[in-house]
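Have a look at the structure below, then the notes.
Please treat every number below as a calculation from the coordinates, not as lab data. None of these values were measured; they are calculated from a predicted model. As a convention, Cβ positions derive from the backbone with ideal geometry for all residues, glycine included, and neighbour counts pool all protein chains shown.
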Amino acid sequence: MILAFLSQTIRIAIPYLFAAAGGTVAERSGVISLTLEGFLLTGAFGAALGSYYGHSAWIGVACGLAAGLVFGVIHGIATIRYRADQVVSGIAINLLAIGVTRYFLHLAFGSSSNSPRVAGFTTVVKGEGLIAGLLHDPLIPLGLVAIPAVAWAMYRTPFGLRIRAVGEHPTAARTIGIRVARVRYIAVAVSGMLAGLGGAYLALDQHQFTDNMSAGRGYIALAAMIFGNWDPMRGGLACLLFAAAEAAQINLQGTHGIPSQFVQMIPYVLTIIALAGVVGKSTPPAALGRAE
Amino acid sequence: MRARVGEALLPPIVALLVALVVGDILILSVGQSPADVWALLLRGTWGNAYGFGQVLYKTTTLTCTGLCVAIGLRAGLFNIGGEGQLAAGGFAAALAGLALPAGTPLGIALPACIAAALAAGAVTGWVPGILRARFGAHEVITTIMFNFIILALLNWAISTTLRVPETLHTRAVHAGAIAPLGDVLPAFHGSAANWSLVLSLAAAAAMWWYLFRTRAGYDLRAVGLQPDAAESGGIAVGRVWVRALTLSGALAGLGGVNFVLGYKHYYEDGFATGAGFLGIAVALVGRNTPAGIVLASIFFATLSQGGLAINALVPKTMVDVLQGAVIIAVAASVPEVRRVMRRRARSAAT
């Protein structure tokens, strides 16, 4: 029972973990990550497309990663090279992701709702342990590792230090020879790839792409990142917390009377409380949203 | 002066060009002729009264959400909560219309329903305003989060108690319905266009008057341009922020009247989807001026309605791609070209 709950929580959390890991990298470099929703969606579509035409889940993973990267680079060019407002560009990326995936879903599969069944990773074999079952999908362990990997890169490597410097004080970073624009480009590209992997997990787990399948998960990841005060590990814990609430709601459905809508609100309510500083104030990187 | 005209014309020109170029690529990619598709789009929107009526209907909502974003930006605040505020306004209008007894004279029912929409929008804007002014919680994040909270609450209210069984909408309002334009101008018959259009244009005019002809509007713009300078000039910045977001929410809430009182006569879950976010595009292309916003609303409404017109030749979702591409291109090109123009103006002056 507890193992089943844990396994379900982890499965729900995987897209959040990927996206929150990516969002943390971009935001700590000073680029706002409203784009996570769009990255997840294009990642999912890319994965379905790749898996369908390549007949392999791994090709799907690669295509999901690439799709997230492309959208990350578009966001990077608009906001870093051309200094577009990061919030506007972020919203536009999300609208563009919905438009592009719908348009090409129609062109590729002649459908406005979903792709045909595509190859994914093997599903859980009966009789095996639930936790061992999680390992059947390599994106699950990868998603669990993404957060500690980002934490390590951010706090233990020279490049992580550069990312944080650029996000706190770009002018100071530049005086000591850091190329601010380049660091930010890499950070946004990485965030696109990580969130793209989260999207790939969504599509491959369900063996198909469905219209708008990210369904707000990018915003939940954004909320988790803020709730975790822009710290990768704390953001990762927030992802697990939000996922556990969802898993609990699914298990309690119909028996105890908490409407699902109220469970859906939990991440957003907690994040607003954290931002307002009622308990332990969340403080964004100092140069977040500002051009160089 | 020439530079200012140039800056004002730049966003719409970029928007049109990008829509044309990206549209051409997408049209050619499915093997159709761009000329045919664009002609079909124009015929289906401006070329007949029904299509034009639909454009006017969509213009009405977009004008409201565009004004909502613009008044926030004038105060230096980014309200992305239009989606939830629009839904809240529509929901409140429907509740008011359901609460009033059938046969309430229009002169009482209509103002009451509109006031309910404005009030619901205002409250949903006021909360992030207070959170920003008192607690320093950034309005971009809080308004996004409130979108989800408001939509979840409304979904809960509709799906548990207020719906007509087997649907996700309320019963039709008893009072306060707004007449379709087709009643007076028979050409529009059958389209969703209704007199809410006049309300949204009046809101644009009122916003112009408020921003540029009142002291409170002057304060609001001063805070938007330079909050520190405004503060030292004696303006209570926090209070202006709260006021701006409250007005912003009310403007989005007014947009809900168009769907609920003017078109369907009931509240339906999800009616606001997309219109709140498109308000950002409208404010961007309309450069936060009321007149520009009305024109930009017509542009985006035409695109949106045009998608349905061209569906036989090109998937209608082409316009979703165009909308996203237009926003990114305008957002990216405006600061760049402004910098180039300023540099040129400076070098000409020396």
For this session: Positive end of the charge dipole of chain A (Lys, Arg +1 and Asp, Glu -1 on Cβ, about the Cα centre): tell me which of A:G236, A:G199, A:A84 has its Cα farthest that way.
Result: A:A84
Exercise. In nm, to one decimal, how far is the modelled label at A:S260 from the one at A:A132, with both set 7 Å along Cα→Cβ?
Worked result: 3.3 nm
Exercise. With helices defined as uninterrupted DSSP H runs, which ones in chain B have an alpha carbon span along their own long axis of at least 27 Å and mean Kyte-Doolittle hydropathy of at least 1.6?
Worked result: B:2-29
Exercise. What does the helix-only formula give at 222 nm for chain B: each DSSP H stretch with n ≥ 4 adding -39500 (n - 2.57), the total divided by the residues, and the result rounded to the nearest 500 deg cm²/dmol?
Worked result: -25000 deg cm²/dmol
Exercise. Most mobile of B:L162, B:L28, B:L251 per a Gaussian network model of chain B (Cα springs, under 10 Å)?
Worked result: B:L28
Exercise. Over segment A:185-292, how many percent of alpha carbon pairs lie in each 5 Å bin up to the one with the longest distance?
Worked result: 2, 10, 16, 20, 20, 16, 9, 4, 2, 1, 0
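Give the value in nm², to one decimal: projected area of the alpha carbon convex hull of segment A:1-142, averaged over all directions. Before the final figure, lay out the partial values.
Values: hull surface 39.2 nm².
Result: 9.8 nm².
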Exercise. So how far, in whole Å, is the C-alpha centre of segment B:155-228 from the one of segment B:230-297?
Worked result: 9 Å
Problem set entry | For segment A:2-276, the Rg and Dmax computed from alpha carbons only, in angstrom | 18.4, 61
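On average over all directions, what projected area in square nanometres does the protein assembly as shown have, based on the convex hull of its Cα atoms?
31.2 nm²
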Exercise. Within chain A, which DSSP H helices have Cα atoms that stretch 27 Å or more along the helix axis and a mean Kyte-Doolittle hydropathy of at least 1.0?
Worked result: A:2-28, A:57-76, A:86-109, A:180-206
For this session: Return the average number of partner chain Cβ atoms within 10 angstrom of each residue Cβ along peptide A:260-268.
Result: 5
Exercise. What does the highest-first list of A:219-227, B:127-135 look like by mean Cβ count within 10 Å?
Worked result: A:219-227, B:127-135
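Within a Cβ distance under 12 Å of B:L245, other residues only, what is the Lys/Arg minus Asp/Glu net charge? It would help to have the intermediate numbers written out before the result.
Values: positive: B:R74, B:R132, B:R239, B:R243; negative: B:E139.
With Lys, Arg at +1 and Asp, Glu at -1, the neighbours total +3.
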Seminar exercise, completed: Fraction of alpha-carbon pairs in segment A:85-202 farther than 21 Å apart, rounded to whole percent, equals 60 percent
Exercise. Listed highest first by mean packing, meaning other Cβ atoms within 10 Å per residue, what order do B:223-232, B:329-338 come in?
Worked result: B:329-338, B:223-232
Problem set entry | Rounded D (µm²/s) - segment B:121-265, Kirkwood Rh over Cα pairs, Stokes-Einstein at 37 °C, 0.692 mPa s | 184 µm²/s
For this session: Mind giving me the nanometre distance, one decimal, between the label points for B:I108 and A:Q206, set 7 Å out from Cα along Cα→Cβ?
Result: 5.0 nm
Problem set entry | Computed magnitude of the charge dipole of segment B:1-124 (debye, nearest 20; Cβ of K, R +1, Cβ of D, E -1) | 280 debye
Problem set entry | Inter-chain shielding of A:102-112 (mean C-beta neighbours from other protein chains, 10 Å cut-off) | 4
For this session: Only Cα pairs under 8 Å and at least 6 apart count here; give the relative contact order of segment A:2-276 as a rounded whole percent.
Result: 37 percent
Problem set entry | Estimated Rh, chain B: Kirkwood, alpha-carbon pairs, angstrom | 21.0 Å
Problem set entry | Environment charge of A:G90, counting only residues whose C-beta is closer than 13 Å and scoring Lys/Arg +1, Asp/Glu -1 | -3
Exercise. Which value does Rg/Rh take for segment B:216-299 over its C-alpha atoms, Rh per Kirkwood?
Worked result: 1.08
Problem set entry | Point-to-point label distance, B:H189-B:A345, nm (Cα→Cβ direction, 7 Å offset) | 5.3 nm
Exercise. With no solvent and one point on each alpha carbon, what is the Debye value of log10 I(q)/I(0) for segment A:1-41 at q = 0.17, 0.29 Å⁻¹?
Worked result: -0.53, -0.92
Exercise. What does the highest-first list of A:74-80, B:208-214 look like by mean Cβ count within 10 Å?
Worked result: A:74-80, B:208-214
